[in-house]
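Notes follow the structure.
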Amino acid sequence: MKKRPDKRPPLHTELVELTGWPLDRTASFPRSHRHTFGCRLDNLCLDAIEDVTRARYAPKAETAAPLDALNLRLELMRVLWRLVEERGWIAPRQLFHVNGRIDTAGRMAGAWRKALGPGA
């Protein structure tokens, strides 16, 4: 059977892949912080996928708002992952990995936002 080509934007694929990694990591956070840090990070990742889906289906004039929201969520993820690493719940190399994925998603979102043109 022939595989259908994936018509999702590369940013959507990047965010789906990024989401899987935190879901595995946050489950191993200390129980006392799993709900605060873990749920917050998990929800930020899921909300980021929602933002890119909204941007994909929004009229061009309304695409900028979900991309701006996505950019803020990515920045919040960076801050929370840094706090998690400072507490020793992930290794520095894991922080480097997740920040690289977040940066890639941010560059993709920024390029999409820039392509909308000024005033969008």
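Remarks
- Flag if ARG82 is of a type in the set (Lys, Arg) and at pLDDT 95 or above: yes
- Total residues in the range 10-52, condition within 18 Å of GLY110 (Cα to Cα), β-branched (Val, Ile, Thr) and modelled with pLDDT under 95: 2
- Once the range 73-117 is narrowed to residues that are more than 15 Å from GLU17 (Cβ to Cβ) and acidic (Asp, Glu), the residue that is surrounded by the most Cβ atoms within 10 Å (Cβ to Cβ) is GLU85.
- All of ALA55, ALA65 fail the test of being among the small types (Gly, Ala, Ser), out of contact with any Lys or Arg (no Cβ under 7 Å at 6 or more places or on another chain), touching a residue at least 40 places away in the same chain (Cβ under 8 Å) and surrounded by 13 or more Cβ atoms within 10 Å (Cβ to Cβ), apart from ALA55.
The values are calculated or read from the model by the stated rules, or taken from the named source; none is laboratory data. Quick caveat: nothing in here was measured; it's all calculated off a predicted structure. Positions of Cβ are backbone-derived with ideal geometry, glycine not excepted, and every protein chain shown enters the neighbour counts.
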